[in-house]
Amino acid sequence: MRYISTRGGIAPLRFQDAVMMGLARDGGLLLPETLPTVTAGMLDRWQYLPYQYLAKEILSLFIDDIPENDLEDLIERAYASFTHPQVTPMTRQGDVYILELFHGPTLAFKDVALQLLGNLFAYVLERTGGFMNILGATSGDTGSAAIAGVRGKNNINIFILHPHGRTSLIQALQMTTVLDPNVFNMAVRGTFDDAQALVKAIFNDLAFRDRHRLGAVNSINWARVLAQVVYYVYAYLKLRKLGHDSVDFSVPTGNFGDIFAGYVARTLLPRGCIRTLILATNANDILARFVAEGDYSRGQVQATSSPSMDIQIASNFERYLYYLRGEDGNAVGRDMDNFAATGLLDLSACRKQVAEDFRSRSVSEEETLATIGEFYRQYGYLLDPHTAVGVKAALELRDPARPVVCLATAHPAKFGAAVVRAIGSEPPLPPALAGLENRESRCAVLDADLATVRDFVAANALK
Ligand SMILES: *Cc1c(COP(=O)(O)O)cnc(C)c1O
């Protein structure tokens, strides 16, 4: 299996090179040259596999440059950090199934991908004798999951910027209480946008980037998408065992990464196994507008109680666009140039195709909190605000003829303030979060100034 760019401008790559490249050199995103498919016979064989074994079967369809034993070992180590034996267990609550993706070390679904990615980076660097310095900015979830993915690993240092005092306390502590010597937290005096702009400016300094072998862990890395395909198939197989041939998924969406993994799973499985992908957004509704009207145009970012979805430019959207444009890299390049210049993209001509793949719903702040409250009163089950967005969309759009699986992307205790507003009391703290305030922490507080941040990275970078 080789990897190509959505803009058609690079020679095909092996999987390991695709993982290390992250963003394609022509500015596009990497995708497999062809999407593999599986047969009903293969599903019969996979039906009873534990998560890790299923992951190996699926990953093997996309990876042919890592020996089987090594791949098994990488997967085993990635998911050993999850506290549930099924990794991503599923429960039924009333009319919906909830696929719990938050049993990893930082209690959000990003662990599923970043635990694997951290092990993959270390594996490749070990073999090539190289090193890397990971640099990223976070408003909360991604930073802590990325740190948890590479802490203590050889040949990797990680530098994560967060806006000083503007993440939740728990989110900041999940990062700053990690004391491994390869982890560097930087709290910048400014907003998330300031932090993001600093990271971009540093990456755009090509000499600096090459000298320090800077790497990124944002959701455009293909390995992250790939790791997420597994739980769609895992959930589907559980329902298949119960006699359901066809299911829907509801996915709370920000950067289009998780739902794009659903699209890959839908293509992988025999036709009709995954019928509809319900794309759920909060008030930041660019993707819902796209599905309803073909209107992909940038809006103002609004702050909501589901902050990990407060996004108006979905970085993985380009991957889906590639298929919408008939795998024509030139057309994708033109679209993305237009969008960069004007903030507008009219895809109304593709509406029919989009409607085959997705249904969508934008969920308001009031609806999100009401859903948390109603779900708790009816079933005694506590949703985090991101998951609640997906559940609300599922309850509205589901087809009673088929089961619908709602992806639960974070543990409610990570977003305690929203839960308090919804049900009037704090969610119980799981062991991973208990006593965080009393632990030792380490963090550099810096001005939001390019030279200051760049010098800090240069001084602490692996060389
Ligand atoms: C990142 C995140 C999302 C959105 O995932 P995308 O892949 O960006 O669509 C949803 N919920 C939580 C809790 C997240 O951390």
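Residue-by-condition table, conditions (1) open to solvent by 50 Å² or more (accessible area, probe 1.4 Å); (2) within 24 Å of residue 248 (Cα to Cα); (3) within 23 Å of the chain's Cα centre (by Cα); (4) within 14 Å of the ligand (Cβ to nearest atom):
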| site | (1), (2), (3), (4) |
| --- | --- |
| 337 | yes, no, no, no |
| 345 | no, no, no, no |
| 374 | yes, yes, no, no |
| 386 | no, yes, yes, yes |
| 391 | no, yes, yes, yes |
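Checking the structure you have, find out if any residue of region 146-159 is open to solvent by 40 Å² or more (accessible area, probe 1.4 Å), away from the ligand (no atom under 16 Å from the Cβ), of a type in the set (A, V, I, L, M) and under 18 Å from residue 445 (Cα atoms).
So far as region 146-159 goes, no, none of its residues is open to solvent by 40 Å² or more (accessible area, probe 1.4 Å), away from the ligand (no atom under 16 Å from the Cβ), of a type in the set (A, V, I, L, M) and under 18 Å from residue 445 (Cα atoms).
Criterion first (away from the ligand (no atom under 14 Å from the Cβ) and open to solvent by less than 10 Å² (accessible area, probe 1.4 Å)) does residue 96 satisfy it?
It is true that residue 96 is away from the ligand (no atom under 14 Å from the Cβ) and open to solvent by less than 10 Å² (accessible area, probe 1.4 Å).
Quick check on my filter: what residues within region 111-144 are away from the ligand (no atom under 16 Å from the Cβ) and not aliphatic (A, V, I, L, M)?
Within region 111-144, 118, 119, 121, 123, 126, 127, 128, 129, 130, 131, 133 qualify.
Out of region 211-228, which residues are open to solvent by less than 60 Å² (accessible area, probe 1.4 Å) and within 16 Å of the ligand (Cβ to nearest atom)?
If the condition is that a residue be open to solvent by less than 60 Å² (accessible area, probe 1.4 Å) and within 16 Å of the ligand (Cβ to nearest atom), then 216, 217, 219, 220, 221, 222, 223, 224, 225, 226, 227, 228 are the ones that fit.
On the given criteria, is residue 267 β-branched (Val, Ile, Thr), within 15 Å of the ligand (Cβ to nearest atom) and either more than 23 Å from residue 146 (Cα to Cα) or open to solvent by less than 10 Å² (accessible area, probe 1.4 Å) (or both)?
Taking the combined requirement at face value, the residue does not satisfy it.
For region 6-64, give me the residue count where each residue is open to solvent by less than 50 Å² (accessible area, probe 1.4 Å), out of contact with any Lys or Arg (no Cβ under 8 Å at 6 or more places or on another chain) and at positive phi.
1
Looking at region 229-253 only, could you name the residues that are assigned to a loop (DSSP other than H, G, I, E, B) and either more than 13 Å from the ligand (Cβ to nearest atom) or open to solvent by 10 Å² or more (accessible area, probe 1.4 Å) (or both)?
242, 243, 244, 245, 246
Identify all residues within region 65-93 that are among the small types (Gly, Ala, Ser) and surrounded by 18 or more Cβ atoms within 10 Å (Cβ to Cβ); write none if there are none.
Selection gives 78 alone.
Search region 189-210 for residues being under 24 Å from the mean Cα position of the chain (by Cα) and open to solvent by less than 20 Å² (accessible area, probe 1.4 Å), and hand back the single one that is nearest to residue 463 (Cα to Cα).
Selected residue: 202.
Search region 421-439 for residues that are open to solvent by 50 Å² or more (accessible area, probe 1.4 Å) and pair each with any residue that is in a loop (DSSP other than H, G, I, E, B) when their beta-carbon atoms are under 7 Å apart and the residues are at least 6 apart or on different chains.
These pairs meet every condition: 439/177.
The values are calculated or read from the model by the stated rules, or taken from the named source; none is laboratory data. Fair warning: this is a prediction, and the values are worked out from it, not measured in the lab. Don't worry about glycine lacking a Cβ; one is built from the backbone with ideal geometry, like all the others, and counts go over all protein chains shown. Surface areas here come from the heavy atoms of the whole protein model, side chains and all, with no ligands, DNA or RNA. Shrake-Rupley method; radii C 1.70, N 1.55, O 1.52, S 1.80 Å.
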